[in-house]
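This report refers to the structure that appears directly beneath it.
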Amino acid sequence: MRLTNYFLPVLKESPSDAEIISHQLMMRAGMISQSSSGIYSWLPLGLKVLKKIENIVREEQDAAGVNEILMPTIQPADLWKESGRYEDYGKEMLRINDRQDREMLYGPTNEEQVTDIFRRSIKSYKELPQLLYHIQWKFRDELRPRFGVMRGREFLMKDAYSFDLDKQQSEISYNKFFVCYLKTFQRLELKAIPMSAETGPIGGDLSHEFIIISKTGESDIFFDNKLLEQENELLNVDYSKDLSSLVNSYKELYAVSDDKFNQDDFDKNVLKENQTKSKGIEVGHIFSFGTKYSEAMKANVLNNDGKQSTVFMGSYGIGISRLVGAIIESSNDEKGIVWPESVSPYDIGLINLKTKDDDISSISDDIYEKLSNSGLDVLYDDKNDNPGVKFSRMDLIGIPYQVIVGNKSKSESIIEVKNRKSGDLTEVKIENLTSFFQK
Ligand code: 5CA
């Protein structure tokens, strides 16, 4: 992509209402544009990152054997009346009447909708388990939308749902998602700690939040710092195997967020020197809630005695749009964003320092073509700005590698490669450039 052809409305100053660094940087880097309180448009650079995260989440759901579907954003109120949540959800739910004056709502989550899909089609225990997910926009009329995309009113979530014959089977599904989440966050280059959590309006008795440590997080967290050392090779995890010992290695170490915190339990379970209190951002939340929805909505299957049996369910969320902010919170410096390679909007930022010099421009064009042809995604700064503007813009948007073309490229066929994170500069012969990036 050539910068002369790119919609990248970078700002010099961050807007005064942007309180935390990720919100400031997303605005300054032209990633989002506010539509109204807690509602944003995603501009090209922001959308690219959102899609990268979405894809990693999707790949890992698929790898765990979860089926992708797409449910609507607008749901009929009747389903929520069946489950009993229509009144409970209160003002956070956006309620809409259609032209026939039927009550509809903009989905804040999809337990009811997915239970309806399930009960229409699945009739026998032989067809269990069923694991379904979708990636869809949600609306919650949050009392205090803030921190940009971190606590929005409209936000993108991956939500998955499991249906099993009994509690024991349901725990197998829960463990699958638990491990799938560890792997997903590992691929996003985040250290997300699973913490025992309250279930709130979703319900149930077993729940974990996946939280990344961050001083701007909204959750107070208390945990055994041995959890930070937990490293597991998850690349080739086999989801058909029993995953309980892997899950237990996390569960047995004390980690809770504020609602569940109790000082006595903390002291009893964690050595003083290992007790860690911090703040964190909740990027995922999984729930096992048994028959809460299936009973109310009559989602039954025939068991192997030929009797009707109410299915056991769980739901599993990842805040995809929140993750964009959360990743920036954990990876930035005084110059701007520092993208982890897995989610960076581009692989390389190519800077032509002298657009008015025909030779240097032709060298830059050539490099752009070669790198692109080798499969790398390049953002090419071919704009006629001064070097200072170019460097600070490229630093701000945080692409992991910058390829800088200037006088030396003309006189000695040398370009500079800057590593955005370390700041290290390496001189590379132009002819060796594509192999330099072939890792
Ligand atoms: N139905 C369940 C699981 S699918 C559910 O809705 N869980 S949740 O309420 O915990 O939301 C799942 C994830 O969505 C959260 O962990 C968080 O990362 C994200 N999320 C929740 N509310 C917001 C919000 N207002 N803005 C951005 N992300 C949010």
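The values are calculated or read from the model by the stated rules, or taken from the named source; none is laboratory data. What you see is a predicted model, and the numbers here were worked out from it, not measured in a lab. Counting neighbours? That spans all protein chains shown, and the Cβs are built from the backbone with ideal geometry, glycine included.
Can you tell me which residues in the stretch 1-28 are closer than 30 Å to Gly375 by Cβ, out of contact with any strand residue (DSSP E or B) (no Cβ under 6 Å at 6 or more places or on another chain) and part of a loop (DSSP other than H, G, I, E, B)?
Listed by number, the residues that qualify are Tyr6, Phe7, Leu8, Pro9, Val10.
May I ask you to list the residues in the stretch 295-335 that are of a type in the set (A, V, I, L, M) and not in a loop (DSSP other than H, G, I, E, B)?
Keep residues of the stretch 295-335 that are of a type in the set (A, V, I, L, M), which gives 296-297, 299, 301-302, 311, 313, 318, 320, 323-324, 326-328.
Residues satisfying the conditions are Ala296, Val301, Leu302, Met313, Ile318, Ile320, Leu323, Val324, Ala326, Ile327, Ile328.
So how many residues does the stretch 125-157 have that are charged (D, E, K, R) and in contact with a Leu (Cβ under 7 Å, 6 or more places away or on another chain)?
1
For the stretch 44-82, give me each residue that is of a type in the set (A, V, I, L, M) and not in a helix (DSSP H, G or I). Before the answer, list the steps.
As a first pass, look at the stretch 44-82 and keep what is of a type in the set (A, V, I, L, M): 45, 47, 49-50, 53, 56-57, 63-64, 66, 69-71, 74, 77, 79.
Listed by number, the residues that qualify are Ala64, Val66, Ile69, Leu70, Met71, Ile74.
Taking the stretch 1-38 as the search range and keeping residues that are among the polar types (S, T, N, Q) and within 24 Å of the chain's Cα centre (by Cα), which one is surrounded by the most Cβ atoms within 10 Å (Cβ to Cβ)?
Ser22
Among the residues of the stretch 71-86, are any on the phi < 0 side of the Ramachandran plot and touching a His at 6+ places or on another chain (Cβ under 9 Å)?
Within the stretch 71-86, one or more residues are on the phi < 0 side of the Ramachandran plot and touching a His at 6+ places or on another chain (Cβ under 9 Å).
Test Leu246 against the stated conditions and say whether it is hydrophobic (A, V, I, L, M, F, W, C), surrounded by 13 or more Cβ atoms within 10 Å (Cβ to Cβ) and either in contact (Cβ under 8 Å) with a residue 12 or more places away in the chain or more than 13 Å from the ligand (Cβ to nearest atom) (or both).
The answer is yes for Leu246.
Does any residue of the stretch 378-390 turn out to be surrounded by fewer than 16 Cβ atoms within 10 Å (Cβ to Cβ), of a type outside the set (Val, Ile, Thr) and under 31 Å from the mean Cα position of the chain (by Cα)?
No, that holds for no residue.
Mind checking whether some residue in the stretch 149-157 is assigned to a loop (DSSP other than H, G, I, E, B), within 25 Å of Ala77 (Cα to Cα) and either of a type outside the set (Gly, Ala, Ser) or near the ligand (Cβ under 10 Å from one of its atoms) (or both)?
So in the stretch 149-157, the residues assigned to a loop (DSSP other than H, G, I, E, B) come out as 152-153.
Filter again for within 25 Å of Ala77 (Cα to Cα), leaving 152-153.
Then keep just the ones that are either of a type outside the set (Gly, Ala, Ser) or near the ligand (Cβ under 10 Å from one of its atoms) (or both); that gives 152-153.
Looking for residues that are assigned to a loop (DSSP other than H, G, I, E, B), within 25 Å of Ala77 (Cα to Cα) and either of a type outside the set (Gly, Ala, Ser) or near the ligand (Cβ under 10 Å from one of its atoms) (or both), one finds at least one in the stretch 149-157, hence yes.
Run down Lys176, Lys226, Lys241 and say which single residue is more than 16 Å from the ligand (Cβ to nearest atom) and assigned to a helix (DSSP H, G or I). So that I can check it myself, show each step before the final result.
Numbers: Lys176 fails: more than 16 Å from the ligand (Cβ to nearest atom); Lys241 fails: assigned to a helix (DSSP H, G or I).
Answer to the check: Lys226.
Report yes if Ser219 is farther than 27 Å from Glu19 by Cα, in contact (Cβ under 8 Å) with a residue 12 or more places away in the chain, within 16 Å of the ligand (Cβ to nearest atom) and out of contact with any Phe, Trp or Tyr (no Cβ under 8 Å at 6 or more places or on another chain), otherwise no.
Answer is no for this residue.
Select from the stretch 378-433 the residues that are part of a loop (DSSP other than H, G, I, E, B) and without any contact (Cβ under 8 Å) to a residue 40 or more places away in the chain and list them in ascending order. Give the derivation first.
So in the stretch 378-433, the residues part of a loop (DSSP other than H, G, I, E, B) come out as 382-386, 398-400, 406, 413, 420-424.
The answer is Asn384, Asp385, Asn386, Ser413, Ser422, Gly423, Asp424.
Given the conditions (1) surrounded by 18 or more Cβ atoms within 10 Å (Cβ to Cβ); (2) within 14 Å of His208 (Cα to Cα), which single one is not true for Tyr293?
Just one mismatch for Tyr293, condition (2).
Give the residue, chosen from Phe163, Phe185, that is of a type in the set (Phe, Trp, Tyr), closer than 20 Å to Asp238 by Cα and surrounded by 19 or more Cβ atoms within 10 Å (Cβ to Cβ).
Exactly one residue qualifies, and that residue is Phe185.
In this structure, does Ser170 turn out to be more than 13 Å from the ligand (Cβ to nearest atom) and surrounded by 21 or more Cβ atoms within 10 Å (Cβ to Cβ)?
Yes.
Give me the residue from the stretch 130-143 that is in contact with a strand residue (DSSP E or B) (Cβ under 7 Å, 6 or more places away or on another chain) and part of a loop (DSSP other than H, G, I, E, B) and, out of that set, farthest from the ligand (Cβ to nearest atom).
Applying the filter and picking the extreme gives Asp141.
Do you know which of the residues in the stretch 83-129 that are among the aliphatic types (A, V, I, L, M) and assigned to a helix (DSSP H, G or I) is surrounded by the most Cβ atoms within 10 Å (Cβ to Cβ)?
Top of the filtered list is Val114.
Suppose we filter Phe289, Phe210 for residues that are in contact with a helix residue (DSSP H, G or I) (Cβ under 6 Å, 6 or more places away or on another chain), within 16 Å of the ligand (Cβ to nearest atom) and not in a loop (DSSP other than H, G, I, E, B); which single one remains? So that I can check it myself, show each step before the final result.
Working: Phe289 fails: in contact with a helix residue (DSSP H, G or I) (Cβ under 6 Å, 6 or more places away or on another chain).
Criteria check complete, one pass: Phe210.
Being more than 21 Å from Leu131 (Cβ to Cβ) and either within 11 Å of the ligand (Cβ to nearest atom) or over 18 Å from the mean Cα position of the chain (by Cα) (or both) is the filter here, so list the residues in the stretch 305-328 that pass it.
Matches in the stretch 305-328: Asp305, Gly306, Lys307, Gln308, Ser321, Arg322, Leu323, Val324, Gly325, Ala326.
Go through (1) under 23 Å from Ser315 (Cα atoms); (2) in a loop (DSSP other than H, G, I, E, B) one by one and return the number of the condition Thr216 breaks.
Of everything listed in (1) under 23 Å from Ser315 (Cα atoms); (2) in a loop (DSSP other than H, G, I, E, B), Thr216 misses just condition (1).
What pairs come out if I take residues in the stretch 111-139 that are of a type in the set (Asp, Glu) and pair them with residues that are not in a loop (DSSP other than H, G, I, E, B) whose C-beta lies under 6 Å away, six or more apart or interchain?
Glu111/Tyr293; Glu111/Ser315; Glu112/Leu79; Glu112/Trp80; Glu112/Ser83; Asp116/Leu79
Right, Tyr346: out of contact with any Pro (no Cβ under 6 Å at 6 or more places or on another chain), more than 16 Å from the ligand (Cβ to nearest atom) and modelled with pLDDT of 95 or more or not? If you could, list the steps in order and put the result at the bottom.
Details: out of contact with any Pro (no Cβ under 6 Å at 6 or more places or on another chain): yes; more than 16 Å from the ligand (Cβ to nearest atom): yes; modelled with pLDDT of 95 or more: yes.
For Tyr346, the condition - out of contact with any Pro (no Cβ under 6 Å at 6 or more places or on another chain), more than 16 Å from the ligand (Cβ to nearest atom) and modelled with pLDDT of 95 or more - is met.
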